[in-house]
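Worksheet: one structure, shown below.
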Amino acid sequence: MAWQAVDRASPVIDEKAPAILSDAVRDKIRSFLPRYETRRAALLPALHIVQDALGHVSPRAMVEIAEVLEIPPSQVMDTMSFYTHFWDHPKGRKVVVVCRSLSCQVMGSDALLQAVKSELGIDEHGTTKDGQYSLLTEECLAACDHAPCMLINEKMHKCVKPEQVGKILKDARNDQIAYPRSDLFDKPAEGPVATTDLPRTSDVREMKES
Ligand code: FES
């Protein structure tokens, strides 16, 4: 990917704009706090919650997550930018992820990726004009015995041949999984919800050092 110049002089966030995280989203993030030793440890679930609710995690949402977790916004951005799963700008309703790791490469994932690109008319990290599809590649999708494979949202498509791509992408149910999602993520935490009395990471470090 070519280098890009970033304009750091212009403000990225409109400080006067109303908050974008609803009370329900904030409460759901807080419901995860009792599961962890520090507030910062709830950052990954918080990012999932916000992306599920809003479709992506904008810079403004990152600041608001930082407020809820009482951590610096830079820590939210650090984590966000590490994982390709999280988007800081709007993505398509369905995200196609083609595996780029060894087993899939050996079994033809380059040709598969090319077929997806030409069928959708977009490149990696692109989104179709109708907002229906975005495209990514990622490392091993943990289905090496069915290489080459690709995910559409949560549905895994296995042993995909380039000539099957058109039919798969035209299928309206191509992201529907046939089994129920684990309720672990949506299950409320047991016991009282701690909101303000959980220690920050720096407090825990001090407690361990003393
Ligand atoms: S290498 Fe593609 S799923 Fe493992």
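Each residue of the range 20-27 in turn: what ³J(HN,Hα) in whole Hz from Karplus with 6.51, -1.76, 1.60 and θ = phi - 60°, glycine and Pro shown as x?
Ordered by residue, 3J(HN,Hα) equals 9, 8, 6, 4, 4, 5, 4, 5 Hz.
Which pairs break 32 Å Cα to Cα here: K28/K158; K28/K117; K91/K161; K28/K161; K16/K91; K28/K94?
Working: K28/K158 34 Å; K28/K117 37 Å; K91/K161 25 Å; K28/K161 41 Å; K16/K91 25 Å; K28/K94 24 Å.
K28/K158; K28/K117; K28/K161, as the Cα separations exceed 32 Å there.
Among the chymotrypsin sites (Phe, Trp or Tyr not before Pro) within the range 67-167, which fall in a DSSP loop and have no more than 16 other Cβ atoms within 10 Å of their own Cβ? The partial results should precede the final answer.
Numbers: sites: F82, Y83, F86, W87, Y133; in loops: Y83, F86, W87.
When the chymotrypsin sites (Phe, Trp or Tyr not before Pro) of the range 67-167 are filtered for loop state and at most 16 Cβ neighbours within 10 Å, Y83 remain.
Among residues other than A172 whose Cβ falls under 14 Å from its Cβ, what is the net charge (Lys/Arg +1, Asp/Glu -1)?
Working: positive: R93, K94, K155, K167, K170, R173; negative: D130, D171, D175.
Combined, the nearby Lys, Arg, Asp and Glu give +3.
Based on the alpha-carbon gyration tensor of the range 18-89 and its eigenvalue square roots a ≥ b ≥ c, which shape applies: rounded if a/c is under 1.5, prolate if not and a/b is larger than b/c, or oblate?
Since a/c stays below 1.5, the shape of the range 18-89 is classed as rounded.
Roughly what % of DSSP beta bridges within the range 94-170 run antiparallel, to the nearest 5?
Close to 55 percent.
Write down, largest first, the equivalent ellipsoid semi-axes of the range 1-124 in whole Å, where each equals the square root of 5 times an eigenvalue of the alpha-carbon gyration tensor.
After diagonalising the Cα gyration tensor, the semi-axes are 32, 19, 14 Å.
Taking every alpha carbon pair in the range 94-170, what does the distance histogram look like in 10 angstrom bins from 0, in percent?
22, 59, 18, 1
Quick one: with all protein chains in place, what share of the accessible area of the range 18-89 is carbon or sulfur, to the nearest percent (1.4 Å probe)?
Numbers: 1910 of 3350 Å².
That fraction is 57 percent.
Could you report the range 1-85's accessible area per residue, 1.4 Å probe, as an integer in Å²?
Result: 61 Å² per residue.
Quick check: at a probe of 1.4 Å, how many percent of the accessible area of the range 94-170 sits on carbon and sulfur atoms?
C and S atoms contribute 53 percent here.
If we count every other residue with Cβ under 14 angstrom of T137's Cβ, Lys/Arg +1 and Asp/Glu -1, where does the sum land?
-3
The values are calculated or read from the model by the stated rules, or taken from the named source; none is laboratory data. These figures come from a predicted structure and were not determined experimentally. Quick reminder, even Gly has a Cβ in these numbers, built from the backbone with ideal geometry, and neighbours come from all protein chains shown. These area figures cover heavy atoms from the full protein model, side chains too; ligands, DNA and RNA do not enter into them. Shrake-Rupley method; radii C 1.70, N 1.55, O 1.52, S 1.80 Å.
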